[in-house]
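Shown next, in structure tokens, is the structure this report addresses.
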């Protein structure tokens, strides 16, 4: 299992919602936070993007892509110091279906932006290993590939037919993988962040074990033994690099898997879910689930907490 496969294991992209944006200078948009991954591809012109009060503005040109893995609030605008308007207000008055035109009469910038919506109620835990804002460039061939996948998504959305739901799920997964792969191949900092962690032989092996054998009764001692480290050294090294203890990471990963099982199969019982994600008893699973998610697994399932049918679009 290579680094990308580890990273993608357990991720379930249900759909990719997107908007085609044409901005005519001067223009600027201020977008709220959202609990899923945001993305964008500049297909014409240039602009600047930043996370307000957190990152310096980054210049984006044709072929530039951006990812906000944890859905942070951000600004995108024609000029580095330009003013911005609330996206939610702009889209109410300027949206033409999946197209948003906005600005004045200056230079045009075209962006395809939106979000990857996951099957659980938020972005998956492993995305915490990525920086809050990722910007990278793709070549013309990769840009065409990404654009082609988006066109297929758009076609299925506009002209639904038998099998459309399955096709959209698959295309969303493909588009997400294409985007991450392009980042890996283009990133000058892939030795940092999650890619750097996966290139760390010991941590990479620990993550492989956790993701490949989530149902195993792992302890800090058994994980440390598998990768040839002492308990104390492994625990300290893991937490220093990831900002979370090995067991806390394992628990959160299991809860992500559990939510996916609860959502995808109404016929599977709570006891079966508990067993599949590594718990010997319903009681232990229920306690862990409620501690991490806030309510019991049965209530989570019955309330249908996650509603991914919203048509809300974000650049």
Review point. Of the residues 46, 83, which single one is under 19 Å from residue 133 (Cα atoms), over 23 Å from the mean Cα position of the chain (by Cα) and either at pLDDT 90 or above or not assigned by TED's automatic domain parsing to the domain that holds residue 124 (or both)?
Key: 46
**Study point:** Selection within the range 80-113 - in a loop (DSSP other than H, G, I, E, B) and closer than 21 Å to residue 38 by Cα
**Key:** 80, 84, 97, 98
Point to revise | Given (1) modelled with pLDDT of 85 or more; (2) in contact with a strand residue (DSSP E or B) (Cβ under 8 Å, 6 or more places away or on another chain), index of the condition residue 123 fails | key: (1)
**Study point:** Conditions (1) within 17 Å of residue 38 (Cβ to Cβ); (2) touching a helix residue (DSSP H, G or I) at 6+ places or on another chain (Cβ under 8 Å); (3) surrounded by fewer than 16 Cβ atoms within 10 Å (Cβ to Cβ); number of the one not met by residue 164
**Key:** (1)
Review point. If residue 81 satisfies every condition in (1) free of Cβ contacts under 8 Å to residues at least 12 places away in the same chain; (2) within 24 Å of residue 175 (Cα to Cα) but one, which is the exception?
Key: (2)
Revision key, fill the gap. Counted residues in the range 23-42 being surrounded by fewer than 18 Cβ atoms within 10 Å (Cβ to Cβ) and at pLDDT below 95 come to 3
Check your understanding: Do we have residue 214 as out of contact with any strand residue (DSSP E or B) (no Cβ under 6 Å at 6 or more places or on another chain) and surrounded by fewer than 19 Cβ atoms within 10 Å (Cβ to Cβ) here?
Key -> no
Check your understanding: For the range 147-161, what are the residues that are at pLDDT 80 or above and crowded, with 17+ Cβ neighbours inside 10 Å?
Key -> 149
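The values are calculated or read from the model by the stated rules, or taken from the named source; none is laboratory data. Note that this is a predicted model, so its numbers are computed, not measured. Because the Cβ atoms are built from the backbone with ideal geometry, glycine has one as well, and the counts that use them run over all protein chains shown.
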